[in-house]
Structure formats: C-alpha cells, structure tokens
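Take a look at the structure below.
The values are calculated or read from the model by the stated rules, or taken from the named source; none is laboratory data. Here the structure is a predicted model, which is why all the values come from computation and not from measurement. All Cβ positions, glycine included, derive from the backbone under ideal geometry; neighbour counts span all protein chains shown. Quick note on the areas: whole protein, heavy atoms, side chains included, nothing else; ligands and nucleic acids left out. Shrake-Rupley method; radii C 1.70, N 1.55, O 1.52, S 1.80 Å.
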Amino acid sequence: MLGAIYGATTAPDATLWDASEFIAAAHSLGIPHPPGTPLFVFAAHVWRSLLWSLPAAIATNLFSAACAAAAGGAMAWLLARATRRPLVAVASAVCAGSASTIWSNATEAEVYAASLLLAACMLVAADRAGSSRDGRWRALLAFAFGLAVPLHLSALVAAPAAIVLAARRQDGAIDWGGGAILCGAFCIAAAVGLASTLVALLAVALAVGVLLSIPRARSREALLAFSLTLVACSALAMLPIRAMHDPALNSGNPLTWTALWDLVGRRQYLVQGLLPRQAPLWLQLGNLFEYADWQFGLGLAPGPVPTALRVGVTLLFGGLGAYGCAEHRRTDRRSWMAMTTLALCASIGLVIYLNLHAGPTYGYGVIADSSVREARDRDYFFALAFWVWGAWAGMGAMTLAAKRIGHPRVARPAALPIALNWRVESRRSEPGASAARLFAEALLWSVPPRGVLVSGGDNDTFPLWYAQTVLGIRRDVTVVTQPLLGADWYRAQLMRRNSLLAAREVTTWRGEVPTLAAIVREATVRGRPVALSILADSTVQAQLGSPKLLRGMVRVGGPAGVDSAVTRAFVDRFAGRILALPTDGESVDPAPAYVARLLRCPLRAVGQPVWSGPSGSLDSLCKSR
C-alpha cells in the first residue's frame, strides 16, 4: 500500500534543494556534497540502470519510494512479531509511513529514505539476534552499522535501539557480552563516519576492552563483528576511485587521505560541537515540536504557522501514540524498549547532538531578527522519531477499535494522515513538480555562449548541474558556485578544468570578492562573458560593479537596465510555462513558490502584466519574497 501511495505522489522530475544534485550524481557516479554518500550514489545508479526506460529523474525518485515502502514492510514485520496481530502491524506501518516527513523523503531523490530502510534492517537483524541467540545475526547487524557510513550517518541513530533489541532475549535475560560486542562495532562505525581521531581512539580502547573482558570463546565473534564493520565502511573507497576519473560532480576531490577524511567528516561545513548552543535549548526543542505539528494534518494548514484544527489533529495523534505506546509495552516489553530508545535518540538526543540554529520559520519575535538561522527547515533529521510515533498512533487506533467492536470507525485515524497529507505531499502538483527544471533551463538559456555563470546557492546550482549532467543542456556554460569558493578543492577545480583561477588564488584564500574578481579577469582574458544568477548575493554584485544589465534570468556587464531583445526572446520562449506555475504553492517549504515568482521577473521587466507584488526597483521585484 505504501509503495502505491509513494509511487502515485513521486516527483515527475528533479526537485529543489539536494535532490537535483543526487540525481546528477547517481546518473554520472559522481561525488555529491559532503559526506559524499557513495553507497547511496552507487545503489541509486544500479536502480536507475534497472529502470533504464524511465527518465533518470523519475527512476531515481522511485528509488526513494521503494526504500521507504520497504522500510514500512520491515516495521510491519517487527510489530507483527511483537503483537501477534498482523492487521494491527500493517495499519501501524501505514500510519508511520504517511507521516509528512517520511512521505516527503519517499518522493524525491534524497538519502533519507534509504537511510530509513537501513535503520529498519538494523532493527530486523537485531530482533533476530536477540530471539535466536545466533551470533551470525549480530555479525550482520555490525555489518549494517558499517554500511551507515558510506550510505548516510543518520542511519546510525537507530544503532542504540538495535543494540537494546539484540542484547535482550525473549525471556528477559540480557546478553551482556553480545551487547558489548555491538557497542564496539557501533563506536567503530561512528569513528569512521565522524572522521574523528578522538572517537577512533575511544573506539579502539573499547574494542580492546571488549576483547579482554568477554570469554575467549566469544572473542572470535567479536573480531568478526569488528572486521565486518570495517569491511562495510570500506565502501568509502569508491570516493577516491571515482575522484581519479574526475567526474562532473567531484566534491572534495578526495584523492588523498586528508581530502577523503575531510569529505567524510564534513569539514567544509564547520560542524558545531555540543557547546556553545547555536540557539537556546528550549527553542531547539520548540523547533522539534513545530516539526511534529506538521506530521499528520499538514494538509489542513500547509504552511509553517499552526492552526487550531491542525494542532487538534496533532493532539489526537499524540494521544493515540501514547495509547499505542502503552499497548506496545503491555504486549511485548522487549521490542517496546527498543522503539522507545529509538524515539528518544531520534528526538531529544538529536536536538542535543546536532545543536542547530533556529529554523527559518520559528522563533520570530522571540530571538533577534539578525540571528543566524538554518537555510531550511530540518524536520528530515528527526524522521525516525516521527516514524516511531506514527507506528504507535496506528497501534493505538487499531487497539481502540478492537476493544470497541461496536464502533469500527475508531480505527479510521490510522489511515487519516493519508487523506490529510496527500494534497501537500504529492510532488506532482505545481509549482514543486517542475520549478527546478524550468529554473535551470531558464538560467542556462539566459547566459551568453561560453559564459561563466556565478550562482548564489543550492537552488540555482544543483538544478543546473542536473540539467547539464543528465539532460545535456548548455554544457558550454561554466557554473561558479559562490558559497563554495572558500574551499581549496573547488578553487583548484576551477583552475584545473576551466582555467578561471591562477595558482596563487587556489593556494591562498583572499576572500570571496577578490576571488570572484580574479575569475572575472581570467574569463575576460579568454573571451568568456560573465553572468550573475538572479539569486547571486547582491552585496557581491555591487562590489564587482559590472554585472548590471538584466538578460533574462541573469545579469551581465553593461549599463544598468534591461537587455530588451534577449529578455523579450526569453519571454517568448518561457512565458507559457512560467505563467502555468502558481506563485503561492501550499507547502512548508517556500522555495518552489519563490522560484516561481523569480521566473516572472523578466516578464515584468519587459512590461508583461504578470506581477502582483509591491512596486519598486527591478532588483526589489526580482528578489521580492
């Protein structure tokens, strides 16, 4: 059932944010942004090859749908074993899978559906390990821990729950030795995934301690588990192997141990520690509750602002989840302890560990307007917590129905999120269905032949990579991503591939504006025109001075104003598709609607009556939110 739901609502093309990049990476076996996720890229590439008759974007999007549906099957299997009530288990899995965050991850090319499946497989292996007492299942679980490193480290959030499930036997006894072995494997995987020398030293100390403390008869099992964890981690070798071929997407260029370590450890992002807090802890917890309010009734109020009706649905499912949690504890305490551990690790645990800035839609009027915020809402980090909550809510609804045989409609809340969320979670609706591809085509079309396009961030970079790498559109254009210029490997790439920087600019970071100025100089020498994306930083635009002439969706050198001939040609080519995009799409993510409004800027510039926003300068119209 979940597979059908996800398949019917899967995006028909590339979407905004990271999905476009992942489609391009899977298509070309490239290296996307840190940590590189080579196992995801390889698996999606194989899947896309099996669906060779479908467009690359649809095939890769369906990979996420298949992963999320399979994870739902694993949840149903686990709960059926725990409750001995298959119908309850299936309803719980469907309720969990229709939570907004889970559904959203299942309908575009992202890592989180595959990560959910790996987490579910960990729980299945752990259940078998604890119930059968077979060391081979513990070895498989240790291998799964290691796979989280080349797939995505978010799957390791399920490791503590899996250890609890594997170490506790059906009769309530605890296998301390098996649990210690799995803890050692978990720490080894975490050390490699975090690329942390300190954690690696702790992992080695723990592994040695486990080998010395367990009976000699089990030391072979421990060595096997630790070895399998490292074998699974060795899939990271795909990164330097592919980097040798310098694919179109080659983030980090991990040809050396240092570059590989930096890529896996996400050094590019300056990962925050536990302290100081990037926002007050109460606000970070409040962000979690905001995301929880989106899960089961988002269609009632598609924006981030809560309404009484949507909050009422959230409270209903909160009550059903609490009731289902209690029923689960009564029915099978062993699996309940594991699920509770998972819920805590994936909610409060992640809030503390991730130490995020305030979300872009939360805390206004409470924290300063100048405070640093996340670039987008991060509800997907907490997907496992919402997954468990949804399963318990489904179990609660079904249990109430069973106890009130004369009132079978009580069970309907288990399927209610499907109806409530369909409208906002279907990626077949506009503007999200086609905004990314249209934006990429419009930007690339606007650039002069052999031009150098300076882009401002993810949404005017990743769709362009997809258009060039997968669709073969305007490969003569070199995209220079402004936020990446601070990375040595990226400046080296611009020098190596495009001769847009000299060696001194690669080895010495002189700042963003001087580096962009150097790129403009080198491009000019080679007769390559420079264009700035409509999303490029206006401060940098002003400091560079020359790109003032609007040419479709970009600015090029020349007097301030509009290149009327080219922009009218742009309108003739794209106006029909642009006007078909609504500018007020119903979603908690404002990006598709914002892109739809930006696409109307050239139409406004040549006098087309398509703008309903505030009057003012052309720049304010093009950047109006």
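Please work out the ratio of the alpha-carbon Rg of the stretch 393-516 to 2.2 N^0.38 Å and round it to two decimals.
For the stretch 393-516, the normalised Cα radius of gyration is 1.82.
Where does the longest stretch of the chain lie that holds no chymotrypsin sites (Phe, Trp or Tyr not before Pro) found in a DSSP loop with 15 or fewer other Cβ atoms within 10 Å?
53-508
Enumerate the amide H contacts of residue 562 below 5 Å, restricted to partners 5 or more residues apart or on another chain; note that Pro and chain-start residues carry no placed amide H.
The list, which skips near neighbours in sequence, is 550.
Leaving out ligands and nucleic acids, and using a 1.4 Å probe, what accessible area per residue does the chain come to in Å²?
That works out to 40 Å² for each residue.
Report the rotationally averaged projected area of the stretch 289-359 based on its alpha-carbon convex hull, in square nanometres.
It is 5.5 nm².
Given a Förster distance of 22 Å, report the FRET efficiency between residue 84 and residue 344 from their Cβ-Cβ distance, rounded to the nearest 0.05.
0.25
What value, in deg cm²/dmol to 500, does the helix sum -39500 (n - 2.57) over DSSP H runs of n ≥ 4 give at 222 nm once divided by the residues of the chain?
After summing the helix terms and dividing by the residues of the chain, the value is -18500 deg cm²/dmol.
Specify which residue in the list 527, 207, 177 is farthest towards the positive end of the charge dipole of the chain, using unit charges on the beta carbon of Lys, Arg (+1) and Asp, Glu (-1), about the Cα centre.
Of the options given, the answer is 177.
With only alpha-carbon atoms in the gyration tensor, what are the semi-axes of the equivalent ellipsoid for the chain, in Å, largest first?
After diagonalising the Cα gyration tensor, the semi-axes are 44, 30, 20 Å.
Protein chains only, probe 1.4 Å: how do 568, 555, 84 rank by accessible area, largest first?
Details: 568 125, 555 30, 84 175 Å².
Order by accessible area, largest first: 84, 568, 555.
Roughly speaking, to the nearest percent, how much of the chain's 1.4 Å accessible area is carbon and sulfur?
In the chain, the share of accessible area belonging to carbon and sulfur is 64 percent.
Spelling out what I want: for every residue of the stretch 87-100, take phi, set θ = phi - 60°, compute 6.51 cos²θ - 1.76 cosθ + 1.60 (Karplus), and round to whole Hz; glycine and proline get x.
Karplus values, whole Hz, x for Gly and Pro: 5, 4, 5, 5, 4, 5, 5, 5, 5, 5, x, 9, 4, 4.
Report, to one decimal in Å, the Kirkwood hydrodynamic radius for the stretch 141-196 based on all distinct Cα pairs.
For the stretch 141-196, inverting the mean 1/r across all distinct Cα pairs yields 11.5 Å.
Please state the charge dipole magnitude for the stretch 317-418, taken about the Cα centre, from unit charges on C-beta atoms (+1 on K and R, -1 on D and E), reported in debye and rounded to the nearest 20.
Using Cβ point charges on Lys, Arg, Asp and Glu, the stretch 317-418 gives about 560 debye.
Considering the stretch 330-386, what Rg and Dmax in Å follow from its alpha-carbon atoms?
15.4, 51
Which of 252, 219, 27 sits closest to the plus end of the dipole of the chain, meaning its Cα is farthest towards the positive end, when Lys and Arg get +1 and Asp and Glu get -1 on the C-beta?
219
Taking the Cα centre as origin and putting +1 on Lys and Arg beta-carbons and -1 on Asp and Glu beta-carbons, what dipole magnitude results for the chain, to the nearest 20 debye?
Rounded to the nearest 20 debye, it is 760 debye.
Please state the charge dipole magnitude for the stretch 446-497, taken about the Cα centre, from unit charges on C-beta atoms (+1 on K and R, -1 on D and E), reported in debye and rounded to the nearest 20.
260 debye
Using heavy-atom solvent-accessible surface (probe 1.4 Å) with all chains present, what is the largest-first order of 53, 98? It would help to have the intermediate numbers written out before the result.
Numbers: 53 90, 98 5 Å².
Reading off the accessible areas and sorting them downward yields 53, 98.
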